[in-house]
1. Tell me, please, whether a residue that is crowded, with 16+ Cβ neighbours inside 10 Å, in contact (Cβ under 8 Å) with a residue 60 or more places away in the chain and farther than 14 Å from ARG150 by Cβ can be found in the stretch 88-101.
2. Which pairs turn up if I take residues in the stretch 195-221 that are without any contact (Cβ under 8 Å) to a residue 12 or more places away in the chain and over 24 Å from LYS62 (Cβ atoms) and look for partners that are among the hydroxyl-bearing types (Ser, Thr, Tyr) and surrounded by fewer than 18 Cβ atoms within 10 Å (Cβ to Cβ) with beta carbon separation below 7 Å, at least 6 apart in sequence or on another chain?
3. Any residue at all in the stretch 199-218 that is closer than 15 Å to GLU67 by Cα and of a type in the set (D, E, K, R)?
4. When the residues of the stretch 130-170 are narrowed to those that are loosely packed, with under 15 Cβ neighbours inside 10 Å and of a type in the set (Asp, Glu), which ends up nearest to THR191 (Cα to Cα)?
5. Could you figure out which of (1) in contact with a Cys (Cβ under 9 Å, 6 or more places away or on another chain); (2) in contact (Cβ under 8 Å) with a residue 60 or more places away in the chain; (3) part of a helix (DSSP H, G or I) isn't true of ILE188?
6. Counting only residues that are more than 18 Å from ARG137 (Cβ to Cβ) and hydroxyl-bearing (Ser, Thr, Tyr), which one in the stretch 104-126 is modelled with the highest pLDDT?
7. Those residues that are of a type in the set (Gly, Ala, Ser), at pLDDT below 90 and assigned to a loop (DSSP other than H, G, I, E, B), I need them from the stretch 146-177; list them, please.
8. Return the pairs, sorted by first residue and then second, in which the second residue is outside any strand (DSSP E or B) and acidic (Asp, Glu), the first residue lies in the stretch 57-72 and is more than 25 Å from LEU187 (Cα to Cα) and assigned by TED's automatic domain parsing to the domain that holds ALA225, the beta carbons are less than 9 Å apart, and the residues are 6+ apart or on different chains.
Amino acid sequence: MRAEGPTREGSMAEQQGKLQLDRSQVKKAVLALQAFLKTKESTECLLLNESQHISLMFTMWKIPKKEQTIRIPLPHGIRTENGEVCLFTRDEPNMTSDQTERFFKKLLTERGVKNVTQVMPYKVLKTEYKAFEAKRRLLGNFDLFLSDARIRRHLPSHIGKHFYESKKAPLSVDLLSKNLGRDMDRLIQGTTVTVGKKGPCCMARVAHSGMTADEIVENVTAAVATIISKLNMVEKDKIIKLIHLKSQTSVALPIYSSDLGNLTQVEGLRNKTKKKPKKRKAPAVSGDATPKDGEEGSQEEKTTKEDKDASAEEEIPQLVPIQTPSKKAKLQEPKKKGVKTAAKPLVGRGKKQTKGGPRQAKRTAKASPQKPKRKAPKRS
C-alpha cells in the first residue's frame, strides 16, 4: 500500500489561483486503498456484508475562528441499500400520531422520496424516547437523521448530546418545498463536514469500499471543490495545508500538499482584516497667526510662573527633627480636712431596692421630710 507523494502538477495549479487536485495522484491513492482493504477484510464485514467508509481528512494552516457545517452534494450516492434514514416531523393539528405518520408518508411517496425508512412525529419522540437508554438505541438504529425545518430548534433538548458527539445531528429539510424530492436525494446521498474551531483538522465521508475507483475519484474531486467554495474564510484558497484519503482501518494517504509560501499569504490576509486602532488627531495650530499685545503679556506671565515652579521644585527642603511633647505629671490637689464625701447608695449588694429604682427613692425622700423633735418644757 504505497502511494507516491503529490506531484508538481498540483502545485502549479495552486500557483495559478484556486486549489486543484491531481486526478492521477488521487487515483493512485484510491487503488492502493482498495488493495489494502481487500487484504484486510475483517470477519465482521464478511458476516454482515458491510462496507467500510472512505473519508477525506483536511488539515489547515490556521484554526478557524467560527464553526461551520457544509453540505456537500456528491455525484454518486454513499448510502448503501441497508442504510436507514429517520425523519422527524411536526405534529399536525387535529391529528393523532398515527394519522400524522401516515400523512407524511403519503406526501413523500407523492414527491418520489423512497429512501426514508421511518417517519417519527415530534410527540412520539418526546414521550417514547425520554429515557437515556431509549435515546442511545434510537441513535444506533439509524444512519442518518432528518428533521422538519419547523421543529429543528426544539430537537436539541430531546435527542441529547450523543447525537452531536457521533456527528449524527439531524439535518433540516423544508417539507413544504416544491422540489422536495431533489432536496431529499441531495441530503441522503450527499455528505456533510463540520469545520470546527477547536482544531485545524476535519473529516468528510465521501465514499465506501463497495464503489469503483472512478466513482470514488469523482466524489473526492467534487467534495474538495465544494468545501473550498463554501468556506467562510478570507483565505479559503490558501488555508488548506494537507488533504489525506483514508478508511476506518487504514493509514492516511496524502493526495494534496500545499506550498509553504501559502502560510505567509494567509498571515498577511489575516493581518489586513484586523481592525487598526483609530488615533486621535491633535488640534491644528496655524503658524501664520501672530499673537497680540495682550497675548504676549499673558505668555510672559505663564513663562515666569513656570520658571518659579521649576525653581521651587529644584529646591531641596531641609529636614527638621520633630520634637515630641513631654508628658507633664498632673498635680494632685490636697484634700481638705473635715470634708467628707457622701457615700453613694449601694445598689445590688444585698440591700432592698425601692420600687421604681433609685430615682423613686429620691422622690420619696423629698416628699416626706423628717419632723422636728419637740423640746421638753423646763421645770421651774
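1. no
2. That search, which allows pairs on different chains as well, returns nothing.
3. No.
4. Here the residue is GLU165.
5. Only one criterion in (1) in contact with a Cys (Cβ under 9 Å, 6 or more places away or on another chain); (2) in contact (Cβ under 8 Å) with a residue 60 or more places away in the chain; (3) part of a helix (DSSP H, G or I) is unmet by ILE188, namely (1).
6. Per the stated criteria, the residue is TYR122.
7. GLY160, SER166, ALA169, SER177
8. Between residues of the stretch 57-72 that are more than 25 Å from LEU187 (Cα to Cα) and assigned by TED's automatic domain parsing to the domain that holds ALA225 and residues that are outside any strand (DSSP E or B) and acidic (Asp, Glu), the close pairs are TRP61/GLU235; TRP61/GLU267; LYS62/GLU235; LYS62/GLU267.
The values are calculated or read from the model by the stated rules, or taken from the named source; none is laboratory data. In this text, all values refer to a predicted model and were calculated from it rather than measured experimentally. No Cβ is skipped: glycine too gets one built from the backbone with ideal geometry, and neighbour counts run over all protein chains shown.
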